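Visitor: Following this message is one structure expressed as structure tokens.
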Amino acid sequence: MQFEHLTLSGIILITPKRFKDSRGFFMETFRQDLFEHATGQPTPFVQDNHSYSAAPHTVRGLHYQSPPHAQGKLVRCVRGAILDIAVDMRTNSPTYGQHVKAELSAENAAQLWIPPGFLHGFITKFADTEVAYKCTGYYDKDCDGNIVWDDPDLNINWGITKDKVVLSAKDRDAPRFRDFSSPF
């Protein structure tokens with residue numbers, strides 16, 4: 001596995017090695033020893049999630065879970081492709097409010113590690129896209145939060161105009177980044 005530390009501290013792009021032959025391929029998508037070496041901390045995953053988006057340009061995010069149920073996420077796209085985004089919401093961080101993006105696809109097999117303290121969201125590039133991710137904390141409705149996906153203060157280029165995006169009501173009506181107090 002290749003581990004690339006991105007510009008925001010703690011965010012790591014992970015690319016597994018694929019072993020291909022005439023039957024297809026094999027790859028390890030997670031190895032605890034290598035993962036803990038790259039992150040420098042023990043990471044007990046407790047929940048796996050899987051999302052399916054029927055339409056292209058579906059946006060899911062920007063979401064977070066606040067303490068005591070904060071979640072780190074190891075995200076991968078198992079069908080189709082997404083633009084995955086993490087926004088630093090750690091109040092004492094020098095990169096507070098900044099974001100990183102990575103294209104994750106079934107083809108490139110890349111994964112993004114997003115530790116607690118970051119907003120997370122993605123946009124699907126194709127119809128019938130599926131995303132799977134491991135979480136370090138359990139989902140808790142009372143700790144669930146989000147920030148509007150197209151917040152002008154965050155200045156995220158999602159690569160699409162607002163009129164083409166498919167959103168849930170929760171994501172459409174989310175608050176602005178400047179109007180919330182980060183729990184991190």
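Visitor: For Ile82, indicate whether it is surrounded by 18 or more Cβ atoms within 10 Å (Cβ to Cβ), of a type in the set (Val, Ile, Thr) and within 24 Å of Arg18 (Cα to Cα).
Guide: yes
Visitor: May I pose another question? Within segment 67-121, work out how many residues are in contact with a strand residue (DSSP E or B) (Cβ under 9 Å, 6 or more places away or on another chain), small (Gly, Ala, Ser) and either over 23 Å from Gln47 (Cα atoms) or outside any strand (DSSP E or B) (or both).
Guide: 8
Visitor: Would you check which residues across segment 12-55 are basic (Lys, Arg) and either part of a loop (DSSP other than H, G, I, E, B) or out of contact with any strand residue (DSSP E or B) (no Cβ under 6 Å at 6 or more places or on another chain) (or both) and list them?
Guide: Lys17, Lys20, Arg23, Arg31
Visitor: For Val131, indicate whether it is surrounded by 21 or more Cβ atoms within 10 Å (Cβ to Cβ), in contact with a helix residue (DSSP H, G or I) (Cβ under 9 Å, 6 or more places away or on another chain) and either under 19 Å from Ile12 (Cβ atoms) or not small (Gly, Ala, Ser) (or both).
Guide: When the stated conditions are applied, Val131 does not pass them.
Visitor: Take the residues in segment 40-78 that are β-branched (Val, Ile, Thr) and crowded, with 18+ Cβ neighbours inside 10 Å, then tell me which one is nearest to the chain's Cα centre (by Cα).
Guide: Val75
Every number in this text was worked out from the coordinates using simple rules, so none of it is lab data. Bear in mind that the values here come from a model prediction, so they are computed numbers and not experimental data. All Cβ positions, even for glycine, are placed from backbone atoms using ideal geometry, and neighbour counts span all protein chains on display.
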